[in-house]
Amino acid sequence: MPEGHSVHRIARQFDRNFVGRRVSASSPQGRFVEGASILDGRTVTAVQAVGKQMFMEFDGGVWLRVHLGIYGAWDFAGEIMIDPTIASANGRMGHTNQRGTVVDAGVASAAGVDTAVFDSAGENSLASIGAPRKARVHVRMSEETSGLPDAPDERDFPPEPVGAVRLRLLTDVTVADLRGPTACQVQTPDEVEATIAKLGPDPLLDDGPVAEQRVVDTIRSKQTSIGRLLMDQSVIAGIGNVYRAEMLFRARLNPHTPGKKVPEDLVREMWRDWSRLLRVGVETGQMMTMDDLEGEEYRLAMANRADRHWVYHRAGLPCRVCGTEIVLEEMAARKLYWCPACQE
């Protein structure tokens, strides 16, 4: 399931390519015909990510809410305004198991994109600077896109929909296709407000003292384990399985510790740590959770997730700090990795 950084990156791409433009909306798959008809012909006026959900505003007070879930993905095609803070030289965005590369070196060069680091799992990051440029590219933005169809031939625009496209948003030069989301619905402003009200703070929207205090008060009022609370989107928005394991290790905190027994200062530091990690994820497109890496160490970490995390996906391997075997268990219906010595 996409964690917060991926959804913020997707929202930024929509902001560059769709805000201020009139769109044609359709549902090639046929499962969102009524919703698409409401959006069709409207102008996108704003877009924002809150945790793992994205909200897109259209003129007339109409909103689109999308939650990608485990299998959802956005495909962009056509004339893409590539933002150096979110783009990648091979045209793929998101961070896990991505496919469908159609951007060649010439297109990357035309787009003003320099060499990027690619890893074996499909994650990639941008290593370029400068203003956004226009290029005709195909971009897939998702968390997990294995099993999705390959990218279409884009010699003709717009390309024919490929696979089960729930929603297609089309401007005169750019198209975005949505496949496999957990939620895709039209909402009123009041419904959007109610949805967001159920979510915990997102530090990219508010990392001030009020948001921090809300997190502290919520966690320290609960008997629920901190490992479960970090995955509860009503407590903190955007944290998923990878960030949970890594944040707990970075805090040297046993995941089974009840929230009310976590020291207040430690809760505050975890909130601030999440703010830092989220920003790194948005900037690089990767969940980099190891600090102070330089030179070749940093390049290896960007190229291979096995060199990027402290405990995640390291079950049975020695802890990078103490050598104790990393434990794998299930918590909140997801795999949890932790060191029983460092996180005693």
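Per-peptide packing, taken as the mean over residues of other Cβ atoms within 10 Å, places 7-13, 323-329 in the sequence 7-13, 323-329 from highest down. Working note: Cα gyration tensor of the range 231-270, eigenvalues times five, square-rooted, sorted largest first, giving semi-axes of 16, 12, 10 Å.
In this simple spin-label approximation, Glu297 and Ser221 carry label points 7 Å from Cα along the Cα→Cβ vector, and these lie 4.2 nm apart. Taking one quarter of the surface of the convex hull spanned by the alpha-carbon atoms of the range 202-338 gives a direction-averaged projected area of 8.2 nm².
Sequence-ordered 3J(HN,Hα) estimates for the range 173-183 from the Karplus curve with 6.51, -1.76 and 1.60 and θ = phi - 60° stand at 10, 9, 10, 10, 10, 10, 10, x, x, 6, 9 Hz, glycine and proline given as x.
Readers should treat all values here as calculations from the given coordinates under stated rules, not as data from a laboratory. Being a predicted model, the structure only gives us computed values, none of them experimental. So basically every Cβ, Gly included, is an ideal-geometry build from the backbone, and we count neighbours across all protein chains shown.
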